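Chemist: Sharing a structure here in structure tokens format.
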Amino acid sequence: MAPADWYKENGINLYLNDPVVKIDREKKAVISSKGQTVSYSKLVLATGSSCFIPSIPGIEKDGVIAYRTIEDLDDIKSYAAKSKKGVVIGGGLLGLEAAKALMDLGLETHVVEFAPKLMPRQLDEKGAIMLKEKIETLNISIHLNKNTKSIEGEGKVAKMVFADGSELETDMIVVSAGIKPRDELARESGLEVGPRGGIVVNDLLQTSDPDVYSIGESALYKGMIYGLVAPGYEMADVVANSLAGGSKTFAPYDMSTKLKLIGVDVASFGDPFCTEQEHQHIVFEDKTKGIYKRVNISACGNYLLGGVLVGDAKDYNMLLQTYKNAIILPPTPEDLILGPRSGAESTGSGVLSLPDAALICSCENVTKGDICSAVTYNNLEDVAGIKKCTKAGTGCGGCVPMLNDLLTATLKASGKEVNKVLCEHFSYSRQEVLAIIKSTEIKTYDELLMKYGNGDGCEVCKPAVASMLASTWNDMILNQDTIQDTNDKYLANIQKGGTYSVVPRIPGGEITPEKLIAIGVIAKKYDLYCKITGGQRIDLFGARVDELPLIWEELIEAGFESGHAYGKSLRTVKSCVGSTWCRFGLHDSVTFAIEIEERYKGLRAPHKLKSAVSGCVRECAEAQGKDFGIIATDKGWNLYVCGNGGAKPQHAKLLASDIDKETCIKYIDRFLMFYIRTAEPLNRTSTWLNKLEGGIEYLKDVIVNDSLGLGEQLEKEMQYMVDTYKCEWKDVVENPAKRKKFTHFINSPIADPTIKFQAMRDQKKPVEWGA
Amino acid sequence: MEAISVETIKWVMVAKEEDVPANGGSCVMYKNEQIAIFNFKKRNEWYATQNMCPHKKQMILSRGMIGDKECEPKVACPYHKKNFSLKTGENLNGEEYSIKTYPIKVEDGNVYIGGLE
């Protein structure tokens, strides 16, 4: 509901806590429980629905709870606390959600469904089987074809008995077996209701009395109750239009839905079953990945009629639009669910092929035409602008990726570059801000904001500028600690529960037994969880903020330095054991890795940097997956750049081959500084290269052939960074003013009392979020 | 800790002004309540909110970066960058949860919070 003021401002009398008990249709008035009489010319019944409770003997027992209101959820929570096992009656959308809730509450969970499949209204048989299998992998048991005959137990629930004679023991039952329209008032006042409830309405949503309307989940339209929010809005719109003298009518509403159910994407659109019309269908099924997709196509092969997606619903928006707008299908309609193969261009040719009338945001009823014209006429440059201007994407948010595509496509079509300013506080790109910092020799964020920015800054521009200042002047970052991201602010990585992890530098992954012991002793003393990282070093978890300087004091004493695991900076240089021990090794990869790591340690960049050195082509250090990687050859070293693991793995590309160490370092100096100069904030080297016009060939030209004449300058800048390196943790440990900031409370010496751990495999872990 | 009563609000002194970094935040404890206080030097304003981010229920907001969104002063949670108005506590990413704010004032180098039980 809107705030109380809203009703007042719009001239609406709002009566709260006083339900209507009677409709006097002759006098055209409603009478409330407190005896108020309010007359009407037109009446709208939007009484909604309640949870349908099947009349099963024993349903009134303790431990049987409906799944509908917030209060119900509280009841479920408190009853679950004293239960071990729970059953949900109903395998529809809400029922499965309820099952997830029981599972999260730690109960052994079962779902009982009357129909032979899950989500009978949305899914076809095979889709439902796939969903069932996915849900069962989560240890939720599904019982289909079960007609509950009775609920047994002494006062409270103990077991369920089914019509087929089988039984299921349980401590509690959650009922989610559909909805029951609230049609009591209508029934008592003689309005026509359906045989199974619901106030019967016509195309104008009038009940059997033309002056009385009904909308939402209380209305029965063509034998159907619409239990979704979008048709509810549409009904309200139709009635409002009719009251204002219009002639808009309601039509059978598209019940397409997409949702994430217990972590499984499920979508259904148009006619998912096509049992009554002639059609062809295409099915894709991948049991190993749990993906099922089906599209129904008209007999002539030209139109999409509907479909089902389980396990992967990323094509839903495009499929829905193709169906709704009756777009003629391409000659290879299987591409709709399989995607274009053999390197062909996308067949749907993207969002721009949609007609202007295509509904992009169904929550707020915004069409493609609305969005594109808003972008063009209001000069919008980001999705936030579209949201503000058109309200698209402000409901469920499912259309946001399409908004993004529409924005980029519209801007591109009008010949405009997508704006790359840092944020609302700086109308410059990262590259421009960096140039300003260098030419003006500005050394603080505050000065930069005052002279070149506006407003008070934010969590986007502060760390971006902090990174640029560090990449240029290499001052200790904690001299400006309030502009650092939390990890940089505490020189450690924040983890669940508010504690931090600590990673000492172990260059090249080489470590003496003495140092290993020192780490072990410190980890034991502070009770830290230990894990070997992917970068050949040791991560120590569970350190409180006040313990960080104490831990580092001991680590530094033992000869360690900061590992910068917390920074957008050089992390590790991984190495294989190389020619010193390995019978295949061509050169000493460990020594080179250590040299490289010592040279670039602490270097801050637009994003984190990882490196590796392999002693031969067997590539045990996986150098071709790194931002810069080096592989020994019989003539020298090959240098690869811009590789990446992460969300979108990408192999590194060869920058130079058979070069000696000195040349290799020279090229890396130039490469890293060129990246730092030109990348956008938070772009890894792979993303940066993908956007770089001319790609790797251009990069080779700049780095190897020095086509821009920048080589010497870049090397000089890097040498400055190398010469001015200092260990950030040593600086803190030796500086009482900086140490003082490592505390949870400023008015108490105690640690954060909410930090909690639990045991796991002889070590500890933080308790789950919010537990 | 000493309690001072001014007008109708009860004010509690919780920190020294100098202990809260300029344009940054700190956490104070009062009885069992954790409160984040922010010294928004850039605007010459002070703010106080609950320390817990309601998104994942972590005691963290005092370690968040402050700034503004279209002039509304805000704090961004370090965990998932959820933004909250420092004035009203409203979530600025359009999500439903919000945070509690407290009256705050600075006198003679001492920081006071009002409305505490």
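Chemist: Roughly what angle does helix A:513-525 make with the longest principal axis of chain A, taking Cα atoms, 0 to 90 degrees, to the nearest 10?
Modeler: Computed tilt is about 40 degrees.
Chemist: How would you rank A:218-225, A:22-29, A:382-389, highest first, on the average number of other Cβ atoms within 10 Å across their residues? Provide the component values of the computation, followed by the final result.
Modeler: Numbers: A:218-225: 19.6, A:22-29: 14.1, A:382-389: 17.4.
Those peptides, ordered most packed to least, come out A:218-225, A:382-389, A:22-29.
Chemist: Continuing with the same structure: Once you sort the root eigenvalues of the Cα gyration tensor of the stretch A:182-253 as a ≥ b ≥ c, which label holds: rounded (a/c under 1.5), prolate (a/b larger than b/c) or oblate (the other case)?
Modeler: Oblate is the answer for the stretch A:182-253, as a/c is 1.5 or above yet b/c matches or exceeds a/b.
Chemist: Using only protein heavy atoms and a 1.4 angstrom probe, determine the accessible area buried between B and A, summed over both sides, in Å² to the nearest 100.
Modeler: On the way: alone 6800 and 38610 Å², together 42470 Å².
Chains B and A together bury roughly 2900 Å² of accessible area.
Chemist: Along its three principal axes, how long is chain A when you only count alpha carbons? Whole Å, largest extent first please.
Modeler: For chain A, the Cα extents along the three principal axes come out at 96, 65, 55 Å.
Chemist: Okay, moving on. Just add up the charged neighbours of residue A:665: K/R +1, D/E -1, any other residue whose Cβ is under 11 Å from the Cβ of residue A:665.
Modeler: Taking every other residue near residue A:665 into account, the sum is -1.
Chemist: With a Cα-only, solvent-free Debye model of the stretch A:582-720, what are the log10 I(q)/I(0) values at q = 0.09, 0.11, 0.16 Å⁻¹?
Modeler: After summing over all Cα pairs, the log10 values are -0.24, -0.36, -0.78.
Chemist: Structure shown: which of A:84/B:56; A:132/A:287; A:489/A:648; A:387/B:69; A:117/A:146 lie over 19 Å apart, alpha-carbon to alpha-carbon?
Modeler: Pairs exceeding 19 Å: A:84/B:56; A:489/A:648.
Chemist: Now a separate question. If I histogram all Cα-Cα distances within chain B using bins 5 Å wide from 0, what percent of pairs lands in each bin?
Modeler: Going from the shortest bin to the longest, the percentages are 2, 12, 25, 25, 19, 12, 5, 1.
Chemist: How charged is the neighbourhood of residue A:366? Take every other residue with its Cβ under 11 Å from the Cβ of residue A:366, and add Lys/Arg as +1 and Asp/Glu as -1.
Modeler: After counting each charged neighbour, the total is +1.
Chemist: Provide a whole-number value for the mean count of partner chain Cβ atoms within 10 Å of the Cβ atoms in peptide A:692-698.
Modeler: That works out to 0 on average.
Chemist: On to the next question. So if we plug the beta-carbon distance of residue A:750 and residue A:24 into 1/(1 + (r/R0)^6) with R0 = 56 Å, what FRET efficiency do we get, rounded to 0.05?
Modeler: Calculated value: 0.25.
Chemist: How do A:581, A:688 stack up against each other in accessible area, from largest to smallest, with a 1.4 angstrom probe?
Modeler: Values: A:581 215, A:688 10 Å².
So the residues, ranked largest to smallest area, are A:581, A:688.
Chemist: If you add up the charges near residue A:489, with Lys and Arg at +1 and Asp and Glu at -1, over every other residue whose beta carbon is less than 10 angstrom from its beta carbon, what do you get?
Modeler: Combined, the nearby Lys, Arg, Asp and Glu give -1.
Chemist: Here's another thing I want to ask about it. Taking each residue in A:743-755, count the Cβ atoms of any other chain within 10 Å of its Cβ, then average. What number comes out?
Modeler: So the per-residue partner count for this stretch is 6.
Chemist: Pull up all non-local amide H partners of residue A:565: gap of 5 or more, or a different chain, and H-to-H distance under 5 Å with H placed in the peptide plane.
Modeler: The answer is A:503.
Chemist: Which of rounded, prolate, oblate describes the stretch A:464-590, given a ≥ b ≥ c as roots of the alpha-carbon gyration tensor eigenvalues and a/c under 1.5 marking rounded, otherwise prolate only if a/b is larger than b/c?
Modeler: Here the stretch A:464-590 falls in the oblate category.
Chemist: What pairs from A:451/A:610; A:462/A:730; A:22/A:248; A:462/A:738; A:741/B:87 go past 31 Å between their alpha carbons?
Modeler: Result: A:451/A:610 exceed 31 Å.
Chemist: To continue, here is another question. List the aspartates and glutamates whose alpha-carbon lies under 15 Å from that of residue A:765, not counting same-chain residues fewer than 8 positions away?
Modeler: Straight-line reach from residue A:765, under 15 Å: A:527, A:539.
Chemist: Is there a simple number for the mean count of other chain Cβ atoms within 10 Å of the Cβ of residues in B:70-80, and what is it?
Modeler: Taking the mean over all residues of the peptide, I get 3.
Chemist: Name the aspartates and glutamates eligible as straight-distance cross-link partners of residue A:156: C-alpha to C-alpha under 13 Å, and not fewer than 8 places from it in the same chain.
Modeler: The reachable aspartates and glutamates, counting only those whose Cα sits under 13 Å from residue A:156, are A:60, A:62, A:169, A:171.
Chemist: Using 7 Å Cα-to-Cβ label points, what is the residue A:726/residue A:662 separation (nm, one decimal)?
Modeler: About 3.2 nm separates the two model spin labels.
Chemist: How do the peptides A:256-263, A:14-21, A:610-617 rank, highest first, by the average count of neighbouring beta carbon atoms within 10 Å per residue?
Modeler: So the order, starting with the most tightly packed, is A:610-617, A:256-263, A:14-21.
Chemist: Per residue of the stretch A:763-768, what does 6.51 cos²θ - 1.76 cosθ + 1.60 with θ = phi - 60° give for ³J(HN,Hα)? Whole Hz please, x for Gly and Pro, Karplus curve as stated.
Modeler: Result, ordered by residue: 10, 10, 9, x, 5, 4 Hz.
Chemist: Which angle from 0 to 90°, rounded to the nearest 10, does the C-alpha axis of helix A:70-80 make with the longest principal axis of chain A?
Modeler: The angle comes out at about 70 degrees.
Chemist: Shape call for the stretch A:727-771 from the C-alpha gyration tensor, a ≥ b ≥ c root eigenvalues: rounded (a/c under 1.5), prolate (a/b greater than b/c) or oblate? Present the calculation step by step, with values, prior to reporting the outcome.
Modeler: Working: a/c = 3.58, a/b = 1.74, b/c = 2.06.
Taking the square roots of the gyration eigenvalues as a ≥ b ≥ c, the stretch A:727-771 is oblate.
Chemist: At 7 Å along the Cα-to-beta-carbon direction for both residue A:701 and residue A:108, put a label point, then send me their distance in nm to one decimal.
Modeler: The modelled label-to-label distance comes out at 6.9 nm.
Chemist: Sorting check: for A:365-375, A:233-243, A:84-94, which peptide has the highest mean count of neighbouring beta carbons within 10 Å, and how do the rest follow? Before the final figure, lay out each step's value.
Modeler: Working: A:365-375: 20.7, A:233-243: 17.5, A:84-94: 22.8.
Highest-to-lowest ranking by the protection proxy: A:84-94, A:365-375, A:233-243.
Chemist: Mind checking which lysines have their Cα closer than 18 Å to the Cα of residue A:28? Skip sequence neighbours fewer than 8 apart in that chain.
Modeler: Straight-line reach from residue A:28, under 18 Å: A:42.
Chemist: At 1.4 Å probe size, with every protein chain present, just tell me what the per residue accessible area of the protein assembly as shown comes to in Å².
Modeler: On a per-residue basis, the protein assembly as shown sits at 48 Å².
Chemist: Kindly give the semi-axes, whole Å and largest first, of the ellipsoid equivalent to the stretch A:1-127, taking each as the square root of 5 times a Cα gyration tensor eigenvalue.
Modeler: Semi-axes, largest first: 39, 19, 17 Å.
Chemist: Whose amide H sits under 5 Å from the amide H of residue A:183, counting only residues 5 or more places off or on another chain, with H placed in the peptide plane?
Modeler: It is A:198, by chain and number.
Chemist: Sticking with this structure for a sec: Give the angle, between 0 and 90 degrees and rounded to the nearest 10, that separates the Cα long axis of helix A:125-136 from the longest principal axis of the Cα atoms of chain A.
Modeler: Tilt of helix A:125-136: around 60 degrees.
The values are calculated or read from the model by the stated rules, or taken from the named source; none is laboratory data. Everything numeric here is computed off the predicted structure, so don't read it as measured data. Quick reminder, even Gly has a Cβ in these numbers, built from the backbone with ideal geometry, and neighbours come from all protein chains shown. Only protein heavy atoms, including side chains, enter the accessible area calculation; ligands, DNA and RNA are left aside. Shrake-Rupley method; radii C 1.70, N 1.55, O 1.52, S 1.80 Å.
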